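The values are calculated or read from the model by the stated rules, or taken from the named source; none is laboratory data. Model, not experiment: these values are computed from the prediction. Quick reminder, even Gly has a Cβ in these numbers, built from the backbone with ideal geometry, and neighbours come from all protein chains shown.
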Amino acid sequence: MNKKKLILILLTLLVLIGAGLAFIFKDNLSELWQKNKVINPIGDKQTNKPEIKFDLTDWQDLAGFSFQYPKEVSINDYPEEETHYSHLELTNKEIKGKIIIICDDSQYADLDDWLSKDELVSSGAGLDTQVASVSAKKVALKNGREITGLIDWDEVIYIIDLQSEGKDYWRQVYNQILASFKLIPLKGESQADFNNWFEGFDTSQADVVESVEIIE
């Protein structure tokens, strides 16, 4: 038997042996692959959750701000309350969680003062951001709670408080509110007067941060 025929026979035997082993252990290999997929789902980690497509409507508040929110969300504006300029609670009867928005006179000199002295937000991790073209702070708290605060030049503080109850829905509503939040003229104030007030301040130095680390 020449050398070429011997090599061909050996290669054929190796292929047959490999095919036989694969057939015998195919169930074990399949089970191992499934376990590895569960333990290390790389594909899942690289896939971003799709954004919810909201049917939006506008809220214009007499306290001098506006934002967009989903039509299915209910807003309780506590008309009987006189403690704040504005106190809104956004809820959806179908989904646990809520967002609270409060507008009031600031007790703090600036946002750093708020971050250090407010009992709730001082326990969280704060980062600079920008809302309504105004410098703001985002503060991540435990259990997915996040609070954004900004103070305008009349020393009025605006608080947007996300209490998501672990629902991604509410974080997306919160992001929509922050992205669309604007300061607007007060009742009886002309647009020209408001523009003069707003443009008299430099907001170009405000840093923009998209997200903060969530504390678990």
Take K142 and decide whether it is at pLDDT 95 or above and farther than 16 Å from I102 by Cα. no
With a cut-off of at least 1 residues that are more than 30 Å from D55 (Cβ to Cβ), name the strands (runs of 3 or more DSSP E) lying wholly within the range 71-159. 95-105, 125-131, 134-140, 146-151
Say we look at the range 160-169 and pick out the residues that are in a loop (DSSP other than H, G, I, E, B) and of a type in the set (D, E, K, R); which of these is farthest from Y85 (Cα to Cα)? K167
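Taking the condition of being assigned to a strand (DSSP E or B) and touching a Cys at 6+ places or on another chain (Cβ under 8 Å), how many residues in the range 56-70 meet it?
Kept after step one, since they are assigned to a strand (DSSP E or B), are these residues of the range 56-70: 56-61, 65-70.
Applying the additional criterion that residues be touching a Cys at 6+ places or on another chain (Cβ under 8 Å) yields 61, 65.
Of the residues in the range 56-70, 2 are assigned to a strand (DSSP E or B) and touching a Cys at 6+ places or on another chain (Cβ under 8 Å).
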With the condition kept exactly as written, say whether any residue in the range 70-91 is on the phi > 0 side of the Ramachandran plot, surrounded by 19 or more Cβ atoms within 10 Å (Cβ to Cβ) and within 19 Å of the chain's Cα centre (by Cα). no
Of the residues in the range 172-216 that are within 25 Å of G124 (Cβ to Cβ) and polar (S, T, N, Q), the one that is modelled with the lowest pLDDT is Q205
Would you be able to tell me the number of residues in the range 170-184 that are of a type in the set (S, T, Y), surrounded by fewer than 17 Cβ atoms within 10 Å (Cβ to Cβ) and over 19 Å from G64 (Cβ atoms)? 0
Taking the criterion of being surrounded by fewer than 20 Cβ atoms within 10 Å (Cβ to Cβ) and without any contact (Cβ under 8 Å) to a residue 12 or more places away in the chain, would at least one residue in the range 141-157 satisfy it? yes
Consider the range 76-109. How many of its residues are charged (D, E, K, R) and at pLDDT below 95? 3
